[in-house]
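> Input: one structure, supplied below.
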Amino acid sequence: MSSMGGAPPASRPGSDSLCDEFSKAALGPSTSPSWSDLPIDILLSILQCLELPQALAFASVCTAWRVAATTAGVPGSCTPCIMSWGNHLEEMQLHRRYSSAVTCKLYHPADVDKSYGVSFPKGCFLVCCGASHGWLILANDISNLVLCNPVTMAMIPLPPVTDFTDVKAVCGGYHRGTYFYEAKRLAIWFYQKAVLSCSPSKDGAYVVMVIHNDSACISFVKAGQSKWQVASTLSCSDRYLDCAYHKGRFYTVTLKGMVEKWNLDGANGPTREVVVIARPLPVECILARHLVSTPWGDLLQVRAKPAVEYPDGIAFKIYKVDPDGCNVVQENVLGDHALFLGLNHSACLHTKNLPGIRRHCIYFSAPVITHAFDFLLQLRVWGGARTYDLERRRFERVVPFSDTKKLVYGICPSEVWITQNL
């Protein structure tokens, strides 16, 4: 797929190789070949024919090629981008069509008129369940989770979905409790979010934690293990909304505000410490909770809740998680940083070296939300990927979505923030 809609030029019978053509156009007969001297219009034409992995490799060749890639809108290796699979989701949900291979679009939030394609091999992309440290956590066409690096296309399969006690494989799909699911549809309803403790390409000692089973359970698996381990199952009156890795430990937060700190290395299995106790709240008071590990060492909780006095009817409040509870902090606590929240492992990043990223803003993509779905249908500004200005207290749309996709965004997100990890 072309990065910006172009198609590669057709080869002419008997013509020289592409490399020879470039050399003749840019170099004189007595000049030593130098690819860095190619005219920028030729470099831009090449970039139009590349998908993201090839475009990033192109940008790493030399300074001249990196300048051309920047001009063409190729995202930098550290720049957070939004990846969208909305068209794939629409085909699955409304037309029950399952593509053999899936191509997603990658946008820079400062220039959504340009997009790059990221194509995934047949069968590995049913839905995306998370993004951490440059890797995606995908559910494949039999609803098993797979780690995928979207730049190198490295794949790491995780233990099968049948490891979970309430999922049984049957002819044509799975039984989950008393319900039957097609193999290609169980993942849509079963997984809510997955995060990584670190990049698998760093030292291999990663841990994956997943929120699943209608957000009632959290389970984990360590690198090299062949079985999922259930860490916790909540009562029906509460559910998990987010998890994050902070200072060597996973933390989780529930709808009622309970924050747990997890030790997954105990001799007798996983243990938890309740950092903040749950507090009864009307379900409609909370739309989302996110945990964010900051560069200065704090753990923040960001809450999204209805607020009729705000322009868009939604307020984001930032709290510091302390042993004695969650304390509200000043809205300028971010300083020159920006938050990236959603289906991804939440991130707090300094904006100095991130061109086009605005300080003191929340870059937000809709997570899985079922507890307040009826309320979401009344909102005009939920779904897709958006920027929330903490000073103006309102959303700005980053990546638009169609009315059709809006019908399913509360249950099935179609965007995730991801930072490339070369």
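> Which condition number does residue 348 fail, the rest of (1) modelled with pLDDT of 90 or more; (2) out of contact with any Gly (no Cβ under 7 Å at 6 or more places or on another chain); (3) part of a loop (DSSP other than H, G, I, E, B) being met?
Tallying (1) modelled with pLDDT of 90 or more; (2) out of contact with any Gly (no Cβ under 7 Å at 6 or more places or on another chain); (3) part of a loop (DSSP other than H, G, I, E, B), residue 348 fails exactly one: (3).
> Mind listing just one residue for me: the one in segment 149-159 that is touching a Phe, Trp or Tyr at 6+ places or on another chain (Cβ under 9 Å) and modelled with pLDDT of 95 or more and, of those, nearest to residue 229 (Cα to Cα)?
Of everything passing the filter in segment 149-159, 159 is nearest to residue 229 (Cα to Cα).
> Pick from segment 242-256 the residues that are in contact with a strand residue (DSSP E or B) (Cβ under 8 Å, 6 or more places away or on another chain) and part of a loop (DSSP other than H, G, I, E, B): which of them is surrounded by the fewest Cβ atoms within 10 Å (Cβ to Cβ)?
Among those that are in contact with a strand residue (DSSP E or B) (Cβ under 8 Å, 6 or more places away or on another chain) and part of a loop (DSSP other than H, G, I, E, B), it is 247.
> Quick check on segment 376-395: of everything there that is at pLDDT 80 or above and not in a loop (DSSP other than H, G, I, E, B), which residue is surrounded by the most Cβ atoms within 10 Å (Cβ to Cβ)?
385
> I've got another one for you. Report yes if residue 198 is hydrophobic (A, V, I, L, M, F, W, C), touching a residue at least 12 places away in the same chain (Cβ under 8 Å) and not in a strand (DSSP E or B), otherwise no.
For residue 198, the condition - hydrophobic (A, V, I, L, M, F, W, C), touching a residue at least 12 places away in the same chain (Cβ under 8 Å) and not in a strand (DSSP E or B) - is met.
> Right, next: Give segment 70-81 a look and list any residue that's surrounded by 15 or more Cβ atoms within 10 Å (Cβ to Cβ) and in contact with a Gly (Cβ under 9 Å, 6 or more places away or on another chain), or say none.
79 - this is the single residue of segment 70-81 that is surrounded by 15 or more Cβ atoms within 10 Å (Cβ to Cβ) and in contact with a Gly (Cβ under 9 Å, 6 or more places away or on another chain).
> With (1) more than 26 Å from residue 59 (Cβ to Cβ); (2) touching a residue at least 24 places away in the same chain (Cβ under 8 Å); (3) open to solvent by less than 20 Å² (accessible area, probe 1.4 Å) as the list, and residue 166 as the residue in question, which single condition is left unmet?
Failing condition for residue 166: (3).
> Ok, one more. Pick out, from segment 46-95, the helices (runs of 4 or more DSSP H) lying fully within it that include 2 or more residues that are at pLDDT 75 or above, out of contact with any helix residue (DSSP H, G or I) (no Cβ under 7 Å at 6 or more places or on another chain) and closer than 30 Å to residue 139 by Cβ.
The qualifying helices (runs of 4 or more DSSP H) are 52-59, 86-95.
> Further question: Give segment 142-179 a look and list any residue that's more than 18 Å from residue 130 (Cα to Cα), touching a strand residue (DSSP E or B) at 6+ places or on another chain (Cβ under 6 Å) and in a strand (DSSP E or B), or say none.
Step one: filter segment 142-179 for residues more than 18 Å from residue 130 (Cα to Cα), giving 162-179.
If we keep only those that are touching a strand residue (DSSP E or B) at 6+ places or on another chain (Cβ under 6 Å) as well, we get 162, 166-168, 173-176.
Result: 167, 168, 173, 174, 175, 176.
> Another question about this same structure. Going by the conditions given, is residue 332 touching a His at 6+ places or on another chain (Cβ under 9 Å), at pLDDT below 85 and not in a loop (DSSP other than H, G, I, E, B)?
For residue 332, the condition - touching a His at 6+ places or on another chain (Cβ under 9 Å), at pLDDT below 85 and not in a loop (DSSP other than H, G, I, E, B) - is met.
> Would you be able to say whether some residue in segment 219-241 is acidic (Asp, Glu) and in a strand (DSSP E or B)?
No, every residue in segment 219-241 fails to be acidic (Asp, Glu) and in a strand (DSSP E or B).
> Still on this model: Working carefully through the options 112, 118, find the one that is in contact with a helix residue (DSSP H, G or I) (Cβ under 9 Å, 6 or more places away or on another chain) and either buried (at least 18 other Cβ atoms within 10 Å of the Cβ) or at pLDDT below 85 (or both).
118
> Looking at (1) without any contact (Cβ under 8 Å) to a residue 12 or more places away in the chain; (2) open to solvent by less than 70 Å² (accessible area, probe 1.4 Å), can you tell me which one residue 223 breaks?
For residue 223, the failing item is (1).
> Let me ask something additional. Could we say that residue 215 is at pLDDT 90 or above, open to solvent by less than 30 Å² (accessible area, probe 1.4 Å), more than 13 Å from residue 130 (Cβ to Cβ) and under 16 Å from the mean Cα position of the chain (by Cα) here?
In short, no.
> Would you point out which residue out of 231, 267, 304, 315 is among the small types (Gly, Ala, Ser) and open to solvent by 40 Å² or more (accessible area, probe 1.4 Å)? Show your work before the answer.
Details: 231 fails: open to solvent by 40 Å² or more (accessible area, probe 1.4 Å); 304 fails: open to solvent by 40 Å² or more (accessible area, probe 1.4 Å); 315 fails: open to solvent by 40 Å² or more (accessible area, probe 1.4 Å).
So the residue among 231, 267, 304, 315 that is among the small types (Gly, Ala, Ser) and open to solvent by 40 Å² or more (accessible area, probe 1.4 Å) is 267.
> Something else now. Go through (1) assigned to a strand (DSSP E or B); (2) closer than 18 Å to residue 228 by Cα one by one and return the number of the condition residue 107 breaks.
Residue 107 satisfies every listed condition except (2).
> If I filter segment 202-210 for residues that are touching an Asp or Glu at 6+ places or on another chain (Cβ under 9 Å) and either open to solvent by less than 60 Å² (accessible area, probe 1.4 Å) or in a strand (DSSP E or B) (or both), do I get at least one hit?
Narrowing segment 202-210 to residues touching an Asp or Glu at 6+ places or on another chain (Cβ under 9 Å): none.
The answer is no; no qualifying residue exists.
The values are calculated or read from the model by the stated rules, or taken from the named source; none is laboratory data. Note that the structure is a prediction, hence the values are computed from the model and not measured. Using ideal geometry, Cβ is built from the backbone for each residue, glycine included, and neighbour counts are taken over all protein chains shown. Surface areas here come from the heavy atoms of the whole protein model, side chains and all, with no ligands, DNA or RNA. Shrake-Rupley method; radii C 1.70, N 1.55, O 1.52, S 1.80 Å.
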